[in-house]
Amino acid sequence: MTNDPRIHVSFEHLRRLKADSRELSFLPRQNALSVLNGRHQSRLRGRGLNFEEMRAYRRGDDIRSIDWKATARTGSAHVRVFSEERDRPALLVIDQRMSMFFGSVLNMKSVTAAEAAALAAHRILGSGDRVGGIVFNDDDQLEYVPRRSAHTSHALLKSIASFNNLLHAERPARTEPGRLNRVLKSVSRVAHHDHLVIIFSDFDGIDDATHRHLSGIAQHNDLVLALVFDPSARLVGSGPKAVLSDGQLQAQVDFANRRITDALTQVASQRLDRIIGWQTEIKLSVLPLSAAEQTTNQLKTLLGHRGAA
């Protein structure tokens with residue numbers, strides 16, 4: 001098995017990403033430059049509110065919190081006071097199918113998904129929220145109920161690394177119809193409501209049923225699709241041929257062949273367009289992650305960190 005971190009990840013590598021996660025934020029209050037920020041407010045609803053008390057209005061209180069029925073009944077302004085719930089559970093869904101075992105520039109898509117999920121896990125746990133996940137490949141899946149626990153977070157990272165290292169060129173490449181949809185059913189079962197759900201995948205094999213499952217999840221949760229893609233089509237302008245490798249075996253692909261490039265471009269663009277369209281059809285956010293770029297810096301830029309390149 002290769003030790004090239006662009007091909008496979010290790011638990012230690014994912015654990016060390018904790019230091020890089022501190023400048024990220026998955027909280028509802030997003031930076032104005034973040035892709036998770038809508039035009040006027042965050043796309044993330046965040047934690048719920050608990051009613052604390054009804055009391056007399058004080059100078060500086062938000063007038064939107066005034067309870068007009070109580071005010072009319074007592075003859076003086078009264079406000080309702082709420083406190084934010086202690087935490088919001090997060091469920092990270094990490095795709096490690098064979099469709100993710102591809103990379104033409106820097107990382108395999110499977111590596112980008114693993115690193116991004118690890119960064120999210122570290123940051124969410126560091127913010128005081130519960131974190132859990134579902135790791136899946138073409139055959140199996142492991143589930144971790146969200147907990148505010150470093151032990152659970154480490155178990156999740158170990159499973160991500162384990163599934164990632166099962167990927168190799170000799171593993172049968174098969175697309176099982178409905179595999180992603182079955183995982184989404186598990187997501188619905190674990191994340192009943194008020195969860196942050198982030199799915200790290202290339203979303204290979206999506207169909208109308210996928211749309212229905214995602215709609216159901218987004219109805220009661222904050223849903224982010226971390227769309228991992230590889231800019232293969234860009235190779236057309238870099239030369240007639242390219243050598244692709246899994247770290248051990250190599251294959252030469254003729255990108256000067258118009259049929260090959262047209263097929264790659266059509267498949268990639270159709271899937272991308274469909275998922276981007278879901279952003280308006282369904283209440284969800286799309287976080288595009290390129291396997292051609294360094295994962296940490298890319299996430300910092302997407303989430304609006306001003307110091308990011």
| segment 19-53, residues that are at pLDDT 65 or above, of a type outside the set (S, T, N, Q) and open to solvent by less than 70 Å² (accessible area, probe 1.4 Å) | A19, D20, L24, F26, L27, P28, V35, L36
| task | Return the total of residues in segment 178-200 being out of contact with any helix residue (DSSP H, G or I) (no Cβ under 7 Å at 6 or more places or on another chain) and within 20 Å of K109 (Cα to Cα). | result | 3
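Answer yes if at least one residue in segment 211-226 is part of a strand (DSSP E or B) and among the small types (G, A, S), and no otherwise. Step through it out loud before you land on a result.
First pass over segment 211-226, keeping only residues part of a strand (DSSP E or B): 222-226.
Within this subset, residues satisfying the condition of being among the small types (G, A, S) are 226.
Yes, because at least one residue in segment 211-226 is part of a strand (DSSP E or B) and among the small types (G, A, S).
Could you list, in sequence order, all residues of segment 163-185 that are outside any loop (DSSP other than H, G, I, E, B) and open to solvent by less than 10 Å² (accessible area, probe 1.4 Å)? Reasoning before the result, please.
Narrowing segment 163-185 to residues outside any loop (DSSP other than H, G, I, E, B): 163-165, 179-185.
Those that are outside any loop (DSSP other than H, G, I, E, B) and open to solvent by less than 10 Å² (accessible area, probe 1.4 Å): N164, L180, V183, L184.
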| Failed criterion for H305 (all others in (1) of a type outside the set (K, R); (2) modelled with pLDDT under 90; (3) not in a loop (DSSP other than H, G, I, E, B) hold) | (3)
| note | Within segment 186-208, the count of residues that are surrounded by 15 or more Cβ atoms within 10 Å (Cβ to Cβ) and either free of Cβ contacts under 8 Å to residues at least 40 places away in the same chain or in a loop (DSSP other than H, G, I, E, B) (or both) comes to 9
| note | Restricted to segment 133-162 and to residues being farther than 23 Å from K185 by Cβ and not hydroxyl-bearing (S, T, Y), the residue surrounded by the fewest Cβ atoms within 10 Å (Cβ to Cβ) is H151
| Tally, over segment 140-153, of residues that are assigned to a helix (DSSP H, G or I) and farther than 18 Å from F26 by Cβ | 1
| query | Are any of the residues in segment 120-132 in contact (Cβ under 8 Å) with a residue 40 or more places away in the chain, open to solvent by less than 20 Å² (accessible area, probe 1.4 Å) and among the β-branched types (V, I, T)? | reply | yes
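The values are calculated or read from the model by the stated rules, or taken from the named source; none is laboratory data. The structure presented is a predicted model; accordingly, all values stated were derived computationally and were not measured. Using ideal geometry, Cβ is built from the backbone for each residue, glycine included, and neighbour counts are taken over all protein chains shown. Note: areas computed on protein heavy atoms with side chains; ligands, DNA, RNA excluded. Shrake-Rupley method; radii C 1.70, N 1.55, O 1.52, S 1.80 Å.
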